[in-house]
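The next block holds one structure in the form of structure tokens; read it before the comments.
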Amino acid sequence: MGETVKERGDASAELVKAIGDKHASLVRPAAKYYSALKDAVVCGKGRYTLVKDVDEVESGAYDKPLPCFGCGIGWFSFLLGFLFPFLWFYATFLYFGNYYRKDPRERAGLAASAITAMGFSLLLLAIIVFRWF
């Protein structure tokens, strides 16, 4: 894919491969195709590169939508928590249980729910304390 000829000072030459060729399984599919097309254009040798069909493209780890209507458990709990505050505490439990390690996109929503649960707890505490005095 990314083979080039590197000339040395002593008039000898060696075939050099790109790092991406050695570790092609670590590169995302779109990056593989971009690299192949870029190599063909830069070298100017008119090489053709086989490009797979769209149906054969591997899906990445974060290509699938989040649960709860695509917004994630954290944001879903945050929004629905205004009607059912228990959901904020559920999301706080997930946040401190490192649930976001399964999918880092969940972290912001879970953190927002945890902060809101803390504020709600302080509000309840203030209401209870001021009622007694």
For the stretch 65-89, which residues satisfy the criterion of being assigned to a helix (DSSP H, G or I) and crowded, with 16+ Cβ neighbours inside 10 Å? G72, I73, G74, W75, F76, S77, F78, L80, L87, W88, F89
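In the list R107, R101, which residue meets the criterion of being basic (K, R) and surrounded by 15 or more Cβ atoms within 10 Å (Cβ to Cβ)?
Values: R101 fails: surrounded by 15 or more Cβ atoms within 10 Å (Cβ to Cβ).
It is R107.
None of the figures in this text is laboratory data; all of them are computed from the coordinates on show. Not measured: the values here are computed from a predicted model. Every residue, glycine as well, gets a Cβ built from its backbone with ideal geometry; the counts of neighbours run over all protein chains shown.
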